[in-house]
1. Inside the range 307-328, can you point out the residues that are touching a strand residue (DSSP E or B) at 6+ places or on another chain (Cβ under 8 Å), within 30 Å of Glu126 (Cβ to Cβ) and assigned to a helix (DSSP H, G or I)?
2. Check whether at least one residue in the range 237-255 is modelled with pLDDT of 95 or more, of a type in the set (D, E, K, R), closer than 27 Å to Tyr137 by Cβ and open to solvent by 40 Å² or more (accessible area, probe 1.4 Å), and report yes or no.
3. Look at Leu282 and say whether it is assigned to a helix (DSSP H, G or I), in the same structural domain as Ala169 (by TED's automatic domain parsing) and open to solvent by less than 30 Å² (accessible area, probe 1.4 Å).
4. Read through the list (1) without any contact (Cβ under 8 Å) to a residue 60 or more places away in the chain; (2) in contact with a Phe, Trp or Tyr (Cβ under 7 Å, 6 or more places away or on another chain), then give the number of the only condition that Asp95 fails.
5. When you go through Arg224, Arg215 one by one, which is the residue that is modelled with pLDDT of 95 or more and among the charged types (D, E, K, R)?
6. When you scan the range 333-354, how many residues do you find that are open to solvent by less than 80 Å² (accessible area, probe 1.4 Å) and closer than 21 Å to Pro288 by Cα?
7. Quick test for you: out of Ala222, Ala244, Ala263, pick the one residue that is in contact (Cβ under 8 Å) with a residue 60 or more places away in the chain and touching a helix residue (DSSP H, G or I) at 6+ places or on another chain (Cβ under 8 Å).
8. Test Asp104 against the criterion of being among the acidic types (Asp, Glu), without any contact (Cβ under 8 Å) to a residue 40 or more places away in the chain and assigned to a loop (DSSP other than H, G, I, E, B), and give yes or no.
Amino acid sequence: MPLYLDPEELRIFRDLNQAPGGFIDLVGAMAFRAAGTAQRLGVFDALAAGARTPAELATKLDVAEGPLTVLLDALAGFGYVLCDDDGYAPGPAADPWLANGPRDWFAPTLALWHELIGELWTGLEEAVRTGRPPEPYYAWLERRPGTLRTFQGMLAGMARGLAPAVVAAVPGPYGKLLDVGGGHAIYSAAFCEAAPGTTATVVDLPGALDEGRARVEEAGLAGRITLVPGDLTVPADSAALDSAYDTVLLFNVVHGLDPDGAAGLVARAARALRPGGRLLVLEPYSDPPAGTQGHTAAFLGGFSLNLAATQGGRLYTFAEVAGWAEAAGLGGIERLPLDAPGSDELLVARQETV
Ligand SMILES: C[S@@+](CC[C@H](N)C(=O)[O-])C[C@H]1O[C@@H](n2cnc3c(N)ncnc32)[C@H](O)[C@@H]1O
């Protein structure tokens, strides 16, 4: 966290608007890029073993001591490191959030967003001008195995946290389940573990399924979860959607598409349901519930901008997605909040045609 503003500073910047609030954002951007750079250089991993002097760190990381010291001093101002006579040690913004351990979930998030904002957001202006992302996100990812691993690892971490609440919100049985864009397969595994008769098919791009393969093996579910590599924009690859399923998951995939694409995917998912089958759409909707905290609401705006800039998608309101489900012939639509932190909610709809 770059700045702890004292009450008088807050009054000047926020309440009285006597100083530009954008200056705080400028410092925030510097802090974010400095922290991401330090992470890539291995600074936080190296400091996890104990305090080090700049000379020791520079030798260990094979970087120039002078600029490293400037980086460390900047990080000290941003709360990522502490400095005393023994050298530099992890600060509260790094420990426990970027150190290896049970509360390190922010590490892949910082790594991914550092690359997204540093590279793909350079096309933001063009994307807003033309309405098209300069380079499609998933093609960019499939060319970068390391970034793809970071992305799927970040999603897997989030899914591990959310899956119990998702499964608890939707009572079984789940029968034959299709997980569209299910990559890491954690949600499919959670549904299989919750109800013994469940079998799942996970369709995703080939690289994304590497994470899923590891998870399925680890969970001992290879006999019940089938991974199908394919690009859903290629008709021949989407044959897995032609079967009749009891449950179809569209989890965090709708927001990656433009409105026509998103409506089309919801319709395609509806056609893949047998009568009585359920469609589950997990999304952070752009109209989050009242009481959503300020930092979450602001993040959702930035996330939607990221989707527009990199994928041609955006966050949708619950009513937009419900409208597409209704147009696809689904009924009994419900909005289910999750008993978990974060902004994801579930839309549940039923195939009522016989
Ligand atoms: C934001 S991730 C969501 C992953 C998972 N469903 C979850 O909720 O954690 C979107 C997923 O859709 C997959 N995807 C994107 N475009 C695709 C395409 N054209 N064909 C198949 N899968 C695609 C991505 O590889 C990725 O795994």
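The values are calculated or read from the model by the stated rules, or taken from the named source; none is laboratory data. Everything numeric here is computed off the predicted structure, so don't read it as measured data. In this analysis, Cβ positions are derived from the backbone assuming ideal geometry, glycine residues included, and neighbour counts consider all displayed protein chains. These accessible areas exclude ligands, DNA and RNA; they are computed on the full protein's heavy atoms, side chains included. Shrake-Rupley method; radii C 1.70, N 1.55, O 1.52, S 1.80 Å.
1. Correct list: Val321 only.
2. no
3. In short, no.
4. Tallying (1) without any contact (Cβ under 8 Å) to a residue 60 or more places away in the chain; (2) in contact with a Phe, Trp or Tyr (Cβ under 7 Å, 6 or more places away or on another chain), Asp95 fails exactly one: (2).
5. Working: Arg215 fails: modelled with pLDDT of 95 or more.
The match here is Arg224.
6. 12
7. Details: Ala222 fails: in contact (Cβ under 8 Å) with a residue 60 or more places away in the chain; Ala244 fails: touching a helix residue (DSSP H, G or I) at 6+ places or on another chain (Cβ under 8 Å).
That would be Ala263, the only listed residue that is in contact (Cβ under 8 Å) with a residue 60 or more places away in the chain and touching a helix residue (DSSP H, G or I) at 6+ places or on another chain (Cβ under 8 Å).
8. Working: among the acidic types (Asp, Glu): yes; without any contact (Cβ under 8 Å) to a residue 40 or more places away in the chain: yes; assigned to a loop (DSSP other than H, G, I, E, B): yes.
Considered against the rule, which asks whether it is among the acidic types (Asp, Glu), without any contact (Cβ under 8 Å) to a residue 40 or more places away in the chain and assigned to a loop (DSSP other than H, G, I, E, B), Asp104 comes out as yes.
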